[in-house]
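Only one structure is covered here, and it is reproduced in the block below.
The values are calculated or read from the model by the stated rules, or taken from the named source; none is laboratory data. Because the structure is predicted, anything quoted here is derived from the model rather than measured. All Cβ positions, even for glycine, are placed from backbone atoms using ideal geometry, and neighbour counts span all protein chains on display. Accessible surface areas use protein heavy atoms only, side chains included; no ligands, DNA or RNA. Shrake-Rupley method; radii C 1.70, N 1.55, O 1.52, S 1.80 Å.
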Amino acid sequence: MNTTKTMTLKPKTQENADAISSKILEKTKQKLGLIPNMYAGMANNTALLDGYVSAYNSFRANSGFSPQEQEVIFLSIAFENGCEYCMAAHSFVGDNMTKVPTEVTNAIRNNTEIQDVKLKALSLFSKAITLKRGLPTQTDINDFINAGYTEKHILGVIAGVGIKTMSNYYNHIFNTPVDDAFKSRIWKKK
(Lines give C-alpha, C1' and ligand atoms only; values in the text may rest on other atoms or scores of the structure.)
Protein backbone atom coordinates (compact mmCIF):
# COMPACT_ATOMS: atom_id res chain seq x y z
CA MET A 1 0.00 0.00 0.00
CA ASN A 2 1.54 3.29 -1.13
CA THR A 3 0.82 6.03 1.38
CA THR A 4 3.12 8.61 -0.18
CA LYS A 5 1.57 12.05 0.02
CA THR A 6 2.08 14.51 -2.79
CA MET A 7 4.30 17.24 -1.42
CA THR A 8 3.00 20.79 -1.79
CA LEU A 9 5.95 23.03 -0.92
CA LYS A 10 6.82 25.26 -3.85
CA PRO A 11 10.44 26.01 -4.79
CA LYS A 12 11.76 29.26 -3.35
CA THR A 13 13.38 32.07 -5.29
CA GLN A 14 15.89 34.68 -4.25
CA GLU A 15 12.95 37.05 -3.87
CA ASN A 16 10.73 34.96 -1.59
CA ALA A 17 13.22 32.87 0.41
CA ASP A 18 14.27 33.98 3.88
CA ALA A 19 17.40 36.13 4.13
CA ILE A 20 19.90 33.30 4.66
CA SER A 21 18.46 31.05 1.95
CA SER A 22 18.17 34.01 -0.43
CA LYS A 23 21.90 34.73 -0.08
CA ILE A 24 22.74 31.07 -0.68
CA LEU A 25 20.56 31.02 -3.80
CA GLU A 26 22.17 34.25 -5.03
CA LYS A 27 25.72 32.91 -4.53
CA THR A 28 24.77 29.64 -6.21
CA LYS A 29 23.37 31.44 -9.24
CA GLN A 30 26.52 33.58 -9.50
CA LYS A 31 28.75 30.49 -9.29
CA LEU A 32 26.78 28.07 -11.49
CA GLY A 33 24.69 30.37 -13.65
CA LEU A 34 21.52 28.70 -12.36
CA ILE A 35 19.76 27.76 -9.16
CA PRO A 36 19.38 23.97 -9.20
CA ASN A 37 15.85 22.75 -8.52
CA MET A 38 17.11 20.90 -5.44
CA TYR A 39 18.46 24.11 -3.90
CA ALA A 40 15.22 26.00 -4.63
CA GLY A 41 13.25 23.27 -2.88
CA MET A 42 15.63 22.95 0.06
CA ALA A 43 15.31 26.73 0.56
CA ASN A 44 11.97 26.04 2.24
CA ASN A 45 14.01 25.08 5.32
CA THR A 46 17.13 27.15 5.88
CA ALA A 47 18.68 24.55 8.20
CA LEU A 48 18.57 21.99 5.39
CA LEU A 49 19.84 24.28 2.63
CA ASP A 50 22.50 25.98 4.74
CA GLY A 51 23.61 22.70 6.30
CA TYR A 52 23.83 21.00 2.93
CA VAL A 53 25.65 23.84 1.14
CA SER A 54 28.08 24.42 4.03
CA ALA A 55 28.93 20.72 4.28
CA TYR A 56 29.15 20.38 0.49
CA ASN A 57 31.53 23.34 0.18
CA SER A 58 33.67 22.07 3.06
CA PHE A 59 33.82 18.61 1.50
CA ARG A 60 34.94 20.08 -1.81
CA ALA A 61 37.64 22.15 -0.07
CA ASN A 62 38.75 19.92 2.79
CA SER A 63 37.96 16.23 2.21
CA GLY A 64 41.45 15.24 1.08
CA PHE A 65 40.12 13.89 -2.23
CA SER A 66 40.74 15.19 -5.74
CA PRO A 67 37.70 16.64 -7.59
CA GLN A 68 37.46 13.40 -9.59
CA GLU A 69 37.54 11.28 -6.45
CA GLN A 70 34.88 13.51 -4.85
CA GLU A 71 32.59 12.88 -7.80
CA VAL A 72 33.19 9.12 -7.58
CA ILE A 73 32.14 9.26 -3.92
CA PHE A 74 29.00 11.30 -4.64
CA LEU A 75 27.99 9.16 -7.62
CA SER A 76 28.57 5.90 -5.73
CA ILE A 77 26.45 7.05 -2.79
CA ALA A 78 23.69 8.39 -5.06
CA PHE A 79 23.70 5.09 -6.94
CA GLU A 80 23.25 3.06 -3.76
CA ASN A 81 20.54 5.42 -2.51
CA GLY A 82 18.82 5.32 -5.92
CA CYS A 83 18.79 9.11 -6.27
CA GLU A 84 17.95 9.84 -9.90
CA TYR A 85 18.38 13.60 -9.46
CA CYS A 86 21.88 13.35 -7.95
CA MET A 87 22.99 10.73 -10.46
CA ALA A 88 22.10 13.11 -13.30
CA ALA A 89 23.57 16.18 -11.60
CA HIS A 90 26.86 14.56 -10.56
CA SER A 91 27.27 12.82 -13.90
CA PHE A 92 26.96 16.26 -15.52
CA VAL A 93 29.42 17.78 -13.02
CA GLY A 94 31.81 14.88 -13.59
CA ASP A 95 31.64 15.31 -17.36
CA ASN A 96 31.90 19.09 -17.45
CA MET A 97 33.55 20.38 -14.30
CA THR A 98 35.59 17.76 -12.43
CA LYS A 99 36.58 15.84 -15.58
CA VAL A 100 35.89 12.33 -14.35
CA PRO A 101 36.62 9.93 -17.21
CA THR A 102 33.29 9.05 -18.83
CA GLU A 103 34.06 5.35 -18.55
CA VAL A 104 34.32 5.74 -14.74
CA THR A 105 31.08 7.71 -14.49
CA ASN A 106 29.29 5.23 -16.74
CA ALA A 107 30.62 2.24 -14.77
CA ILE A 108 29.12 3.69 -11.58
CA ARG A 109 25.85 4.52 -13.35
CA ASN A 110 25.64 1.00 -14.83
CA ASN A 111 26.95 -0.79 -11.73
CA THR A 112 29.80 -2.31 -13.71
CA GLU A 113 33.47 -2.62 -12.81
CA ILE A 114 35.67 0.47 -12.75
CA GLN A 115 38.99 -0.35 -14.41
CA ASP A 116 41.06 2.17 -12.41
CA VAL A 117 42.04 0.20 -9.29
CA LYS A 118 42.11 3.14 -6.89
CA LEU A 119 38.84 4.69 -8.07
CA LYS A 120 37.24 1.23 -7.97
CA ALA A 121 38.28 0.84 -4.32
CA LEU A 122 36.94 4.32 -3.53
CA SER A 123 33.60 3.58 -5.18
CA LEU A 124 33.24 0.20 -3.48
CA PHE A 125 34.10 1.67 -0.06
CA SER A 126 31.66 4.56 -0.53
CA LYS A 127 28.96 2.06 -1.47
CA ALA A 128 29.82 -0.17 1.52
CA ILE A 129 29.57 2.73 3.99
CA THR A 130 26.20 3.68 2.47
CA LEU A 131 24.74 0.16 2.26
CA LYS A 132 26.01 -0.96 5.65
CA ARG A 133 24.97 2.28 7.37
CA GLY A 134 28.44 3.10 8.61
CA LEU A 135 29.33 -0.46 9.62
CA PRO A 136 31.89 -1.59 7.02
CA THR A 137 33.62 -4.91 7.53
CA GLN A 138 37.30 -5.09 8.30
CA THR A 139 37.75 -6.43 4.77
CA ASP A 140 36.03 -3.31 3.37
CA ILE A 141 38.43 -1.12 5.37
CA ASN A 142 41.51 -3.18 4.48
CA ASP A 143 40.67 -3.14 0.76
CA PHE A 144 40.28 0.65 0.89
CA ILE A 145 43.55 1.20 2.78
CA ASN A 146 45.41 -1.29 0.56
CA ALA A 147 44.34 0.71 -2.51
CA GLY A 148 46.35 3.68 -1.21
CA TYR A 149 43.87 5.53 0.97
CA THR A 150 44.29 6.42 4.65
CA GLU A 151 42.18 6.50 7.79
CA LYS A 152 41.67 10.24 7.16
CA HIS A 153 40.11 9.32 3.82
CA ILE A 154 37.63 7.10 5.69
CA LEU A 155 36.51 10.26 7.49
CA GLY A 156 36.16 12.04 4.15
CA VAL A 157 33.92 9.27 2.82
CA ILE A 158 31.79 9.54 5.98
CA ALA A 159 31.42 13.28 5.28
CA GLY A 160 30.38 12.51 1.70
CA VAL A 161 27.75 10.03 2.88
CA GLY A 162 26.33 12.63 5.28
CA ILE A 163 26.09 15.25 2.55
CA LYS A 164 24.52 12.94 -0.02
CA THR A 165 22.10 11.54 2.54
CA MET A 166 20.65 15.03 2.97
CA SER A 167 20.27 15.59 -0.75
CA ASN A 168 19.21 12.05 -1.68
CA TYR A 169 16.51 11.94 1.00
CA TYR A 170 15.22 15.39 0.05
CA ASN A 171 15.04 14.39 -3.63
CA HIS A 172 13.26 11.11 -2.84
CA ILE A 173 10.57 12.72 -0.71
CA PHE A 174 10.01 15.81 -2.85
CA ASN A 175 10.53 14.18 -6.29
CA THR A 176 12.89 16.93 -7.46
CA PRO A 177 12.67 17.37 -11.23
CA VAL A 178 16.02 17.11 -13.01
CA ASP A 179 17.19 20.53 -14.21
CA ASP A 180 17.40 21.07 -17.97
CA ALA A 181 21.18 21.52 -17.61
CA PHE A 182 21.52 17.93 -16.32
CA LYS A 183 19.03 16.20 -18.65
CA SER A 184 21.75 14.88 -20.96
CA ARG A 185 22.73 12.56 -18.08
CA ILE A 186 19.32 11.42 -16.82
CA TRP A 187 19.56 8.13 -14.97
CA LYS A 188 16.78 5.81 -13.87
CA LYS A 189 16.97 3.46 -10.91
CA LYS A 190 16.55 -0.15 -12.03
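Once you charge only the Cβ atoms, +1 for Lys and Arg and -1 for Asp and Glu, what is the size of the charge dipole of the chain about its Cα centre, to the nearest 20 debye?
Numbers: 22 positive and 17 negative charges, 67 e Å.
Dipole of the chain, to the nearest 20 debye: 320 debye.
On a full-extension model of 0.36 nm per residue, what is the gain between THR13 and LYS190, subtracting their alpha-carbon distance, rounded to one decimal in nm? Numbers along the way, then the final one.
Working: separation 177, 0.36 × 177 = 63.72 nm, distance 3.31 nm.
Gain on extension, THR13 to LYS190, equals 60.4 nm.
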Worksheet item: Using +1 on the beta carbon of Lys and Arg, -1 on that of Asp and Glu, and nothing else charged, what's the dipole of segment 55-108 about the Cα centre, debye to 20?
Response: 180 debye
Fill in: GluC sites (Glu not before Pro) lying in DSSP loop within segment 1-81, provided at most 13 other Cβ fall within 10 Å
GLU15
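Would you mind working out the accessible area per residue for the chain, using a 1.4 Å probe, and quoting it in Å²? Walk me through the numbers on the way to the answer.
On the way: 10320 Å² over 190 residues.
Value for the chain: 54 Å² per residue.
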Worksheet entry | Value of [θ]222 nm, deg cm²/dmol, for the chain, DSSP H segments ≥ 4, -39500 (n - 2.57) each, nearest 500 | -20500 deg cm²/dmol
Fill in: Between segment 131-190 and segment 61-97, the alpha-carbon center distance in angstrom
8 Å
Response to the item:
Loop-resident trypsin sites (Lys or Arg not before Pro) in segment 102-136 with no more than 10 other Cβ atoms inside 10 Å, DSSP not H/G/I/E/B, are ARG133
Worksheet entry | Positive-end residue of GLY82, SER58, ILE35, charge dipole of segment 1-107 with Cβ unit charges | ILE35
Worksheet item: Using a 1.4 angstrom probe and counting only protein chains, how large is the accessible area of ASP143 in Å², to 10?
Response: 90 Å²
Worksheet item: With axes computed from alpha carbons, what is the tilt in degrees of helix 84-96 against the longest principal axis of the chain, rounded to the nearest 10 within 0 to 90?
Response: 70 degrees
Fill in: Correct choice for percent of Cα pairs over 25 Å apart that was computed from the model, options (i) 53; (ii) 46; (iii) 34
(iii)
Worksheet item: For the residue pair TYR169 and THR6, what label-to-label distance in nm results when each label sits 7 Å from Cα along the Cα-to-beta-carbon direction?
Response: 2.6 nm
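Relative to the present Cα-Cα distance, how much length would full extension add between GLN115 and ASN146 at 0.36 nm per residue of separation?
Details: separation 31, 0.36 × 31 = 11.16 nm, distance 1.63 nm.
Once the chain is fully extended between GLN115 and ASN146, it gains 9.5 nm.
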Worksheet item: What dipole magnitude, in Debye to the nearest 20, does segment 83-167 give about its Cα centre under +1 on Lys/Arg Cβ and -1 on Asp/Glu Cβ?
Response: 200 debye
Practice prompt. Grab the beta carbon distance between GLN138 and ASN96, set R0 = 30 Å, and tell me the FRET efficiency rounded to 0.05.
Written response: 0.20
Practice prompt. Return the distance in nm (one decimal) between the two label points of a simple spin-label model at ASP180 and GLU103, each offset 7 Å from Cα along Cα→Cβ.
Written response: 3.5 nm
